[in-house]
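Taking it in order: structure first as structure tokens, then the write-up.
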Ligand SMILES: O=C(O)CCC(=O)C(=O)O
Ligand SMILES: [Fe+2]
């Protein structure tokens with residue numbers, strides 16, 4: 001397809017390695033804890049408290065959960081999926097152009113042209129867009145408006161969940177912290193496309209290599225195809241797709257803020273034989289926001305700003321090919 005990035009060509013020295021050595025381990029499929037958010041609005045206090053408890057428990061144990069009755073309408077999600085398909089199905093030569101759709105030059109990303117081993121190889125393309133950039137996207141007004149609608153509702157959902165989680169930590173400034181530190185323009189949307197991969201049967205090719213998200217929390221809308229996996233108790237498990245639910249995962253900043261109570265879990269996407277789409281909303285603060293562990297226990301992490309965290313991650317990726325992430329900000333890190 002002229003819209004697919006040149007994966008075969010780029011990875012031609014690595015792909016023959018697939019037949020040799022490594023074998024994929026069987027991965028069990030699990031249904032993530034599913035939380036019905038309509039209970040948060042229930043007149044029954046017990047029901048509200050039970051729902052809050054489920055959110056807190058899922059964030060502390062799984063770091064991942066799914067929500068239903070989340071407030072983002074089917075229409076917004078359907079339009080998002082439609083617009084996403086439309087933009088990815090533009091010719092590759094257009095997508096790589098510096099000013100495609102009026103976005104910042106590094107918004108469009110594909111694969112990992114620098115991969116030197118199968119483990120680093122990724123079979124996907126993405127538009128990673130800062131909300132600040134949306135106002136300049138005048139070439140495609142329908143995509144812009146659809147993303148604005150999705151972001152507005154995803155932000156409301158992210159803020160509600162973040163406030164519940166912070167409140168549970170006894171954070172004194174919960175009421176104002178997210179309001180003050182997470183203005184709408186500081187978050188990101190990432191549209192992901194996983195093209196069909198002819199080597200998917202090996203189960204060794206990643207659509208997206210293992211990572212944690214560098215935000216407070218992420219709201220992910222995935223289609224019915226599946227492929228998302230997370231690391232639980234040292235084992236990879238596959239997330240069963242549920243088209244009625246959104247996936248929520250805790251990011252590094254909440255792990256730091258909560259002094260390790262909430263878990264930012266490593267996850268990956270395995271390449272599949274059919275095309276797959278997802279959209280993630282990354283709930284982020286502004287660059288100068290201070291992330292400081294709260295609670296009564298001694299802080300495990302040093303205090304840092306989100307700007308410092310991003311710069312350090314970019315530097316680590318440049319130097320060693322991966323982010324070291326929160327580990328680097330442990331007080332005990334030398
Ligand atoms: O495609 C997915 O299901 C997950 C995407 C993801 O982890 C990300 O964009 O950070
Ligand atoms: Fe992610």
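Of the residues that make up the range 243-258, is at least one away from ligand 1 (no atom under 16 Å from the Cβ) and assigned to a loop (DSSP other than H, G, I, E, B)? Yes, that holds for at least one residue.
Can residue 282 be described as more than 30 Å from residue 26 (Cβ to Cβ) and more than 12 Å from ligand 1 (Cβ to nearest atom)? No. Pick out the one residue from 121, 161 that is buried (at least 20 other Cβ atoms within 10 Å of the Cβ), within 20 Å of the chain's Cα centre (by Cα) and at pLDDT below 95. Only one candidate qualifies: 121. Taken together, the residues in the range 200-234 that are more than 16 Å from ligand 2 (Cβ to nearest atom) and either free of Cβ contacts under 8 Å to residues at least 40 places away in the same chain or surrounded by 23 or more Cβ atoms within 10 Å (Cβ to Cβ) (or both) amount to 4. Taking residue 309, is it closer than 21 Å to residue 34 by Cβ, in contact (Cβ under 8 Å) with a residue 40 or more places away in the chain and not in a strand (DSSP E or B)? No; evaluated as a whole, the condition is false for this residue. Scanning the range 187-196 for residues that are within 16 Å of ligand 2 (Cβ to nearest atom) and assigned to a loop (DSSP other than H, G, I, E, B) returns a single hit, 187. If I filter the range 221-242 down to residues being over 26 Å from residue 316 (Cα atoms) and in a strand (DSSP E or B), which single residue comes out as nearest to ligand 1 (Cβ to nearest atom)? It comes out as 222. Exactly one residue out of 158, 166 is in a helix (DSSP H, G or I) and within 16 Å of ligand 2 (Cβ to nearest atom): that is 158. The residue of the range 247-275 that is surrounded by the fewest Cβ atoms within 10 Å (Cβ to Cβ), among those that are more than 14 Å from ligand 2 (Cβ to nearest atom) and closer than 20 Å to residue 204 by Cα, is 273. Just so you know, in the range 197-220 the residues that are within 15 Å of ligand 1 (Cβ to nearest atom) and assigned to a loop (DSSP other than H, G, I, E, B) include one that is nearest to residue 178 (Cα to Cα), and it is 216.
The values are calculated or read from the model by the stated rules, or taken from the named source; none is laboratory data. In this text the structure is predicted, and so the values were computed from the model without any measurement. So basically every Cβ, Gly included, is an ideal-geometry build from the backbone, and we count neighbours across all protein chains shown.
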